[in-house]
Amino acid sequence: MDLAEKVKSISGEDVLSCYQCGLCSGSCPVRYAMDLSPTQVIRLVQIGEVEKIFESNTFWICSTCFTCQARCPRKINITKIMEALRQIRLRRDQDKIALSKIPKEELKIFPPIALVSNFRKTTS
Amino acid sequence: MIRLPYYPGCAVQTTARNYAISGIAVAEKLGVELVELPKWNCCGVFPSLATDDLMRHLAPIRNLIHVQEMNDSGVVQNENRVVTFCSMCFHTLKEASLFVKDEEKLGKINTFFEREKEFVGGVKQGYKGGIKALDFLEVLRDIIGYEKIAKEVKKPLKGLKVAPYYGCLVIRPREIGIDDPENPTILENILEALGAEIINNPNRTQCCGSYHTIDRKDIVAKLTYDNLIYPIRNGAEVVVTCCPLCTFNLDFRQKEARELHRDLKEIPVMYYTQLMAIAFELDKQFYGVDLELHHVDPRPLLKAKNLY
Ligand code: SF4
Ligand code: SF4
């Protein structure tokens, strides 16, 4: 299965129905920190150039807020596409973060849900 | 008294104890007994959004099985609802309950539980379906009702300028959310019933930065600034939340947010249940403000308003 097919099968989303309106990117609260906008990511999946997405930080920066999902006029769940991209990376490579790198003083104050949810998104 | 199965989750037992302490007391005052699941485990916090990931649904489903067991043992009668305070727990439990509406997926998950009985710690039955996860906000709106809340108010929060903040997981995605994802009103309605003055917060449905608080504090600091500066400019004295992770980010990351923008004034962040306990004039221990869980101490404000 090529990568674009994999993104589609893990996310269950039909990227071809995206008409590149840009609403997802305009709504994304963390777009400012992303190399590629969500709209560009969808386009690259459409044309099968997923490797280019993997050179970007976009899917790691996504905070799973579902704002794009709630607003997309084509009802595409972009949040799931970001998850599929993370999953492909995590299943292929190493974890994105290491517990040992988190400062000890911070570990003491973090709510458990912050740690567990982060590991859900950054470790395989 | 209505008795409802209650799933606490780890947050309200640790950093968000003030949420559960106030919430359980408020529920009782309103005629709802929250009966803690005799056995429960971490919900997993974020559901996997991958269609092929069954493993990450085991934890929430196991909690739903515990609700079934509560019915079997007679702790509750014919009760298919389970209540949470934490938005993340609510979101995860509800997502899992919807995910396994697909019978093939449920079949696989139940086969796993059956085969790994020993390993998954005493799960004696499969999940039969039909358990509904409720956020406590829904209990207040749909089971108790705003009128009854208003009737319990002994000390109206007159003149207290509060800005509601919802975050993401209690309102999005649409299939899971409990209110309009773009224009929710449930917190406003509750705060209104308490007599508080509602301050417009244009960013009340914007993300708090969530789990990036672990590895990208800079992102959370920026969002914290954005999420607080508008309500502050509009005159808010306190921000009211419903999620322990939003609360942590809005409260504790004010420090980092102020390093980015020095004009950010300190503002306390409280759970709506704490303000309810205050307005109901419950015993002070149920306000949860003395537990040293707040980064910005809300007590000076409460004292100035004659509420503490
Ligand atoms: S909002 Fe939907 S249709 Fe518009 S660019 Fe984003 S994914 Fe495409
Ligand atoms: S879910 Fe991710 S991509 Fe979509 S708006 Fe939120 S942060 Fe941006």
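The values are calculated or read from the model by the stated rules, or taken from the named source; none is laboratory data. For clarity, every value in this text was computed on a predicted model and none was experimentally measured. Backbone-built Cβ (ideal geometry, glycine too); neighbour counts: all protein chains shown.
Looking only at the range B:1-26, count every residue that is away from every other protein chain (no Cβ under 14 Å), under 26 Å from B:E69 (Cα atoms) and at pLDDT 95 or above and tell me the total.
Restricting attention to the range B:1-26, the residues satisfying the condition of being away from every other protein chain (no Cβ under 14 Å) are B:1-6, B:21-26.
Cutting the leftovers down to under 26 Å from B:E69 (Cα atoms) gives us B:1-6, B:21, B:23-25.
With at pLDDT 95 or above added as a condition, the list becomes B:2-6, B:21, B:23-25.
So the answer is 9.
If you scan the range A:49-73, which residues turn out to be near ligand 2 (Cβ under 6 Å from one of its atoms) and of a type in the set (D, E)? Walk me through how you get there before you give the answer.
Within the range A:49-73, the first condition is being near ligand 2 (Cβ under 6 Å from one of its atoms), and the residues that meet it are A:62-68.
Those that are near ligand 2 (Cβ under 6 Å from one of its atoms) and of a type in the set (D, E): none in the range A:49-73.
Take the residues of the range A:17-45 that are away from ligand 2 (no atom under 11 Å from the Cβ) and in contact (Cβ under 8 Å) with a residue 40 or more places away in the chain: which is nearest to A:K6 (Cα to Cα)?
A:V45
Could you look through the range A:59-102, keep only residues that are more than 16 Å from ligand 1 (Cβ to nearest atom) and of a type in the set (D, E, K, R), and pick out the one that is farthest from the other protein chains (Cβ to nearest Cβ)?
Ranking the qualifying residues of the range A:59-102, first place goes to A:D93.
Look through the range A:28-56, keep the residues that are within 10 Å of chain B (Cβ to nearest Cβ) and in a loop (DSSP other than H, G, I, E, B), and return whichever of them is nearest to ligand 1 (Cβ to nearest atom). Steps first, answer last, please.
Residues of the range A:28-56 that are within 10 Å of chain B (Cβ to nearest Cβ), as a first pass: A:28-30, A:32-33.
Checking the rest, the ones that are also in a loop (DSSP other than H, G, I, E, B) come to A:28-30.
On the way: A:C28: 9, A:P29: 15, A:V30: 15 Å.
The selected residue is A:C28.
Spot the failing condition for A:L3; the list is (1) more than 16 Å from ligand 1 (Cβ to nearest atom); (2) within 13 Å of chain B (Cβ to nearest Cβ); (3) closer than 13 Å to A:L85 by Cα, and only one is missed.
The single condition A:L3 does not satisfy is (2).
Answer yes if at least one residue in the range B:61-79 is surrounded by 17 or more Cβ atoms within 10 Å (Cβ to Cβ), without any contact (Cβ under 8 Å) to a residue 60 or more places away in the chain and within 14 Å of chain A (Cβ to nearest Cβ), and no otherwise.
no
Starting from the range B:280-299, keep only residues that are free of Cβ contacts under 8 Å to residues at least 60 places away in the same chain, then list their pairs with residues that are assigned to a helix (DSSP H, G or I) and among the aromatic types (F, W, Y) whose Cβ atoms are within a distance under 8 Å, requiring at least 6 positions of separation or different chains.
Pairs that qualify, where the first residue is free of Cβ contacts under 8 Å to residues at least 60 places away in the same chain and the partner is assigned to a helix (DSSP H, G or I) and among the aromatic types (F, W, Y), are B:H295/B:F252.
Can you pull out every residue in the range B:109-133 that is among the hydrophobic types (A, V, I, L, M, F, W, C) and touching a residue at least 24 places away in the same chain (Cβ under 8 Å)?
Hits for the range B:109-133 are B:I109, B:F112, B:F113, B:V120, B:V123, B:I131, B:A133.
Among the numbered criteria (1) in a loop (DSSP other than H, G, I, E, B); (2) under 28 Å from B:P173 (Cβ atoms), which one does B:N78 miss?
If we test B:N78 against (1) in a loop (DSSP other than H, G, I, E, B); (2) under 28 Å from B:P173 (Cβ atoms), just (2) comes out false.
Residues are listed down the side, and each one gets a yes or a no for (1) over 12 Å from A:I78 (Cβ atoms); (2) within 12 Å of the chain's Cα centre (by Cα); (3) buried (at least 17 other Cβ atoms within 10 Å of the Cβ):
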residue	(1), (2), (3)
A:V30	yes, yes, yes
A:S37	no, yes, yes
A:Q40	no, no, yes
A:I47	yes, no, no
A:S56	yes, yes, yes
A:I61	yes, yes, yes
A:T64	no, yes, yes
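Return yes or no: is B:K105 in a helix (DSSP H, G or I), touching a strand residue (DSSP E or B) at 6+ places or on another chain (Cβ under 6 Å) and among the basic types (K, R)? Steps first, please.
Values: in a helix (DSSP H, G or I): yes; touching a strand residue (DSSP E or B) at 6+ places or on another chain (Cβ under 6 Å): no; among the basic types (K, R): yes.
Answer is no for this residue.
With (1) within 13 Å of another protein chain (Cβ to nearest Cβ); (2) surrounded by fewer than 21 Cβ atoms within 10 Å (Cβ to Cβ); (3) within 23 Å of A:R86 (Cβ to Cβ); (4) in contact (Cβ under 8 Å) with a residue 12 or more places away in the chain as the list, and B:T51 as the residue in question, which single condition is left unmet?
(4)
Is there a residue in the range B:86-104 that is touching a residue at least 60 places away in the same chain (Cβ under 8 Å) and β-branched (V, I, T)? Steps first, please.
Step one: filter the range B:86-104 for residues touching a residue at least 60 places away in the same chain (Cβ under 8 Å), giving B:86-91, B:93-95, B:98.
Filter once more, keeping what is β-branched (V, I, T): none.
Scanning the range B:86-104, I find no residue that is touching a residue at least 60 places away in the same chain (Cβ under 8 Å) and β-branched (V, I, T), so the answer is no.
Surrounded by fewer than 19 Cβ atoms within 10 Å (Cβ to Cβ) and free of Cβ contacts under 8 Å to residues at least 40 places away in the same chain: which single residue out of A:I97, A:I113 fits that description?
Values: A:I113 fails: surrounded by fewer than 19 Cβ atoms within 10 Å (Cβ to Cβ).
After ruling out the rest, the residue left standing is A:I97.
Test A:I76 against the criterion of being part of a loop (DSSP other than H, G, I, E, B), within 11 Å of ligand 2 (Cβ to nearest atom) and buried (at least 16 other Cβ atoms within 10 Å of the Cβ), and give yes or no.
Values: part of a loop (DSSP other than H, G, I, E, B): yes; within 11 Å of ligand 2 (Cβ to nearest atom): yes; buried (at least 16 other Cβ atoms within 10 Å of the Cβ): yes.
Judged against the criteria, A:I76 is a match.
Please indicate, with yes or no, whether at least one residue in the range B:27-45 is within 14 Å of another protein chain (Cβ to nearest Cβ), touching a residue at least 12 places away in the same chain (Cβ under 8 Å) and in a helix (DSSP H, G or I).
Looking through the range B:27-45, none of the residues is within 14 Å of another protein chain (Cβ to nearest Cβ), touching a residue at least 12 places away in the same chain (Cβ under 8 Å) and in a helix (DSSP H, G or I).
Residue-wise test of (1) more than 14 Å from chain A (Cβ to nearest Cβ); (2) of a type outside the set (K, R); (3) assigned to a loop (DSSP other than H, G, I, E, B).
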{"site": "B:G126", "(1), (2), (3)": "yes, yes, yes"}
{"site": "B:V139", "(1), (2), (3)": "yes, yes, no"}
{"site": "B:I143", "(1), (2), (3)": "yes, yes, no"}
{"site": "B:E147", "(1), (2), (3)": "yes, yes, no"}
{"site": "B:A150", "(1), (2), (3)": "yes, yes, no"}
{"site": "B:G167", "(1), (2), (3)": "no, yes, yes"}
{"site": "B:R174", "(1), (2), (3)": "no, no, yes"}
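Name the single residue that is surrounded by the most Cβ atoms within 10 Å (Cβ to Cβ) among those in the range B:110-132 being of a type in the set (A, V, I, L, M, F, W, C) and modelled with pLDDT under 95.
Pass one, the range B:110-132, residues of a type in the set (A, V, I, L, M, F, W, C): B:112-113, B:119-120, B:123, B:131.
The next check asks that each one be modelled with pLDDT under 95; those that pass are B:112-113, B:119-120, B:123.
Working: B:F112: 18, B:F113: 19, B:F119: 9, B:V120: 16, B:V123: 22.
Filtering the range B:110-132 for residues that are of a type in the set (A, V, I, L, M, F, W, C) and modelled with pLDDT under 95, the one surrounded by the most Cβ atoms within 10 Å (Cβ to Cβ) comes out as B:V123.
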